[in-house]
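Step one of this worksheet: look at the structure below.
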């Protein structure tokens, strides 16, 4: 996917946000890591889900329809100015629908505030019989690699995972909630929903280069 140096600003309306979700379709070749590329181009607001629809299209569901429309408007303006959409040359974006919130959307609001991203924390989590590779394996085992955007280990006690949907994040969240209360590698590990990188920039900073989790992050760089 050719990168573009042309950017379009997004101005979100300061009005009451109607409880409707918005779905857009991105049309173009679904090449390797396209879903990761798409999520890095979105900063309007949290996503319920991003999934491949066909070999030539991807569906993205925003929690708020206003965010979906803002992204579409920004992309249209960029295409007029720069000749390519927010995703890049060869990709078109269209609005699919807006829809009333259902239970899965309501769960993204307080008090649950579900998100595609989970944070994991425990002192010396990646020691005493646990390492980043095993942690990654266990998460892949729960939801499959196709449902994971990326994983990142900050240090020996903190890590994060972004999934392709809140449903996948919920599966992992609930599993670790069970595991933290029983003896084992994940005893005492705290897991919580964190802001979607599409609504708040996620700064990935590694600590202590001598530790094994930095070798893991280099291998899993996204």
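The values are calculated or read from the model by the stated rules, or taken from the named source; none is laboratory data. Every value quoted in this text rests on a predicted model; they were computed, and no experiment measured them. Neighbour counts are summed over all protein chains in view; Cβ atoms, including those assigned to glycine, are modelled from backbone coordinates with ideal geometry.
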- request: For the range 134-153, state whether one or more residues are assigned to a loop (DSSP other than H, G, I, E, B) and modelled with pLDDT under 95.
  value: no
Residue in the range 92-104 that is assigned to a helix (DSSP H, G or I), within 20 Å of residue 149 (Cβ to Cβ), in contact with a helix residue (DSSP H, G or I) (Cβ under 7 Å, 6 or more places away or on another chain) and modelled with pLDDT of 95 or more present: yes
- prompt: Across the range 155-178, what is the total count of residues that are modelled with pLDDT of 95 or more, in contact with a helix residue (DSSP H, G or I) (Cβ under 9 Å, 6 or more places away or on another chain) and farther than 11 Å from residue 118 by Cβ?
  reply: 3
- request: Tally the residues that are in a loop (DSSP other than H, G, I, E, B) and out of contact with any helix residue (DSSP H, G or I) (no Cβ under 7 Å at 6 or more places or on another chain), restricting the search to the range 41-57.
  value: 4
Meets criteria (assigned by TED's automatic domain parsing to the domain that holds residue 31 and modelled with pLDDT under 95) for residue 88: no
query: Residues of the range 93-109 being in contact with a strand residue (DSSP E or B) (Cβ under 8 Å, 6 or more places away or on another chain) and surrounded by 14 or more Cβ atoms within 10 Å (Cβ to Cβ), which ones?
result: 93, 95, 96, 98, 101, 104, 105, 108
- request: Among the residues of the range 105-131, write down those that are modelled with pLDDT under 95 and touching a helix residue (DSSP H, G or I) at 6+ places or on another chain (Cβ under 6 Å).
  value: 126
task: Out of 71, 120, report the one residue that is in contact (Cβ under 8 Å) with a residue 60 or more places away in the chain and within 18 Å of residue 150 (Cα to Cα).
output: 120
